[in-house]
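Trainee: This is the structure I have questions about; it appears just below.
No lab work stands behind these numbers, since they all come straight from the coordinates. Remember, predicted model here, so these are calculated numbers, not experimental data. Neighbour counts are summed over all protein chains in view; Cβ atoms, including those assigned to glycine, are modelled from backbone coordinates with ideal geometry.
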Amino acid sequence: MDTLILARLQFALNITFHILFPTITIALGWVVLFMLWRWRRTGESPWLAAYQFWTKVFALSFALGVVSGVTMSFQFGTNWPGFMERAGNIAGPLLGYEVLTAFFLEAGFLGIMLFGRERVSPRVHVIATATVAFGTTLSAFWILSLNSWMQTPTGYDIRDGVMHAVDWWAIVFNPSFPYRLTHKLLASGLTAAFLLAGVSAWQMLKGSEKAETRRVLRLGLTLGAVLIPLQIIAGDMHGLNTLKHQPAKIAAMEGVWTTERGAPLLLFALPDEHAKENRFAIGVPRLASLILTHDADGEIRGLDAFEGAHPPVKPLFFGFRVMVGVGMLMLVFAWGGWWLFRRSGWQRLPRAWLWGLSFMSFSGWVATVAGWYVTEIGRQPFIVYGVLRTSEVAANNPGTMVAASLAGYATVYLALLIAYIAAIKRMAEKGAPAAPTATRPLAAPVISRSFT
């Protein structure tokens, strides 16, 4: 295997591990703020217990996200030095804005959020929690801006082979940015929703159910039931944008080898890049054109129009179907949960459904990683779409060195991932510490009006 492929695998491994944790914390920050607000407003101790438990999950996820983010940045220097040499005038400031405006905000107030509940006033504690939640979202804003710019670059010119910014507004709000940011924020919401519901279902199955468990289950299912239709709409709009700006990616996702009108939606196929055809294809006639162009006879450009400059087909074809398939499962479980609730109430939920929901605890990770592969592999062979090829910015490192560091990263990340899941399982089965039993607000609802 050549060094370029090894370096790409190493970066893919790092970004796969890293993206798991921001995907949780972006939305979970707002969820724990809601729990805190509910406790401050009602004085009901189960909301405090829920806040205490899920704040621990947030802190653990945040810590692993920071650690993996550092190593990912490190790889820009070791394996991809040409990227910063050629596009650093744009990528560097965007990453710097993320650190200066978002990371410092999160890190600065995280301590107050975690340890300040009994040391600062209720108002300050809520403000600190809200600031941390806002910081995670602001971080996503800057990172998605850079990533979107790499997919749909605008607002620059090239002098002596180096990209220079000429319009920062066009760079930050590039053509695909609104769609990617919305898609990512909704994905984070769904990931957090199914983690809340899945862990609660697990607690009910294992007999570690607490007073707050069914509230959290209901919160997670409600969040999932509301967000999944919005994600479908956002996904449709994102697809239209991608067809306009990255048609080769769409062609690979749909397995369209030659330009055609009325393209079928392939439910299953085995793309064969050597023969440039799909084997064992099962599809719905004209449905791909209808979805992608909103016209059953709409034209989809085929991969033959991008000879030598289109992404590999199989990863995109299967990655897209994994993402959509998991999304459909989320729809079934979220709406099915509410149907079961209306039929028999939260007290008599079927154990089979609870097991299924527990199995879905990390379904948001699966959908996110599959979608992220579609996004990132779909940009290939370019690192900045249509402008800068990935092979042009790779370091000339020995293959053995890259392979060894790849094995090292894989070992460490696997160990950390197992430890992370084991820690959440242990916390779920142990339950939250005993919460105050007060039934009236423990503090004056000084901030409640801000949220009503």
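Trainee: What net charge is computed for the residues neighbouring residue 372, neighbours being all others with C-beta under 12 Å from the C-beta of residue 372, Lys and Arg scored +1, Asp and Glu -1? Don't skip to the end; give the middle numbers.
Mentor: Numbers: positive: 180, 184, 379; negative: 376.
Cβ neighbours under 12 Å give a net charge of +2.
Trainee: Using the Kirkwood formula on the Cα atoms of region 1-55, what hydrodynamic radius do you get, in angstrom to one decimal? Numbers along the way, then the final one.
Mentor: Working: mean 1/r = 0.0735 Å⁻¹.
This gives a value of 13.6 Å.
Trainee: Return the Rg/Rh value of region 100-254, two decimal places, where both radii are evaluated on C-alpha atoms and Rh is the Kirkwood radius.
Mentor: Values: Rg = 20.4 Å, Rh = 18.7 Å.
Using Cα coordinates only, the ratio equals 1.09.
Trainee: If you average the sequence gap of Cα pairs under 8 Å that are 6 or more apart and divide by the length of the chain, what percent do you get for the contact order? Provide the component values of the computation, followed by the final result.
Mentor: Values: 678 pairs, mean separation 106.6, N = 452.
Computed value for the chain: 24 percent relative contact order.
Trainee: Where does the chain land at 222 nm, in deg cm²/dmol rounded to the nearest 500, when only DSSP H runs of n ≥ 4 count, each adding -39500 (n - 2.57), divided by all residues? Write down the numbers at each step before the final one.
Mentor: Numbers: 15 runs with 307 residues, N = 452.
The per-residue figure over the chain is -23500 deg cm²/dmol.
Trainee: Using 0.36 nm per residue of separation minus the Cα-Cα distance, give me the extension gain between residue 259 and residue 226 in nm, one decimal.
Mentor: 8.2 nm
Trainee: Another one. Could you calculate the contour length gain from residue 342 to residue 2, that is, 0.36 nm times the residue separation minus the distance between their Cα atoms, to one decimal place in nm?
Mentor: Numbers: separation 340, 0.36 × 340 = 122.40 nm, distance 5.72 nm.
Stretched out fully, the residue 342 to residue 2 stretch lengthens by 116.7 nm.
Trainee: So which DSSP H runs in the chain come out at 20 Å plus along the axis (Cα) with average Kyte-Doolittle of at least 0.0? Don't skip to the answer; put the middle values down first.
Mentor: Details: long enough: 3-42 (59 Å, 1.09); 45-78 (50 Å, 0.86); 81-97 (21 Å, 0.16); 122-151 (44 Å, 0.80); 177-205 (41 Å, 0.85); 213-245 (45 Å, 0.55); 313-344 (46 Å, 1.04); 363-377 (21 Å, 0.74); 399-430 (46 Å, 1.07).
Taking the DSSP H segments of the chain (at least 20 Å long, mean hydropathy at least 0.0), we get 3-42, 45-78, 81-97, 122-151, 177-205, 213-245, 313-344, 363-377, 399-430.
Trainee: So what is the orientation-averaged projected area of region 279-320, using the convex hull of its C-alpha atoms, in nm²? Don't jump to the answer; show the numbers that get you there.
Mentor: Values: hull surface 14.9 nm².
Seen from a random direction, the Cα hull of region 279-320 projects 3.7 nm² on average.
Trainee: Just to compare against my own numbers: the Cα pair-distance distribution for region 175-240, 5 Å bins, whole % per bin, please.
Mentor: 4, 19, 23, 17, 12, 10, 8, 5, 3, 1, 0
Trainee: Give me D for the chain in µm² s⁻¹, whole number, from Stokes-Einstein with Rh from the Kirkwood sum over alpha-carbon pairs, 4 °C and 1.567 mPa s. Mind showing how you got there, number by number?
Mentor: Working: Rh = 23.6 Å.
Result for D is 55 µm²/s.
Trainee: When 1/r is averaged over all different Cα pairs and the result inverted, which Kirkwood radius in Å belongs to region 125-195?
Mentor: Values: mean 1/r = 0.0725 Å⁻¹.
Hydrodynamic radius (Kirkwood, Cα only) of region 125-195 equals 13.8 Å.
Trainee: What's the FRET efficiency of residue 275 with residue 328 using the Cβ-Cβ distance as r and R₀ = 41 Å, to the nearest 0.05? Walk me through the intermediate numbers first.
Mentor: Values: r = 30 Å, r/R0 = 0.74.
Result of the calculation: an efficiency of 0.85.
Trainee: Which distance in nm do the two modelled labels at residue 268 and residue 391 give, with both placed 7 Å along the Cα-to-Cβ direction?
Mentor: 3.6 nm
Trainee: Tell me the label-point distance for the pair residue 209, residue 104, using the 7 Å Cα-to-Cβ offset, in nm and rounded to one decimal.
Mentor: So the label points at residue 209 and residue 104 sit 4.8 nm apart.
Trainee: Extension gain residue 115-residue 42, at 0.36 nm per residue separation less the Cα-Cα distance, in nm?
Mentor: Values: separation 73, 0.36 × 73 = 26.28 nm, distance 2.17 nm.
Full extension from residue 115 to residue 42 adds 24.1 nm.
Trainee: Project the alpha carbons of region 260-396 onto their principal axes and report the range along each, largest first, in whole Å.
Mentor: 59, 44, 26
Trainee: Quote the convex hull volume per residue of region 310-371, based on C-alpha atoms, as a whole number of Å³.
Mentor: Numbers: hull volume 4.4 nm³, N = 62.
Once divided by residue count, the hull of region 310-371 is 71 Å³.
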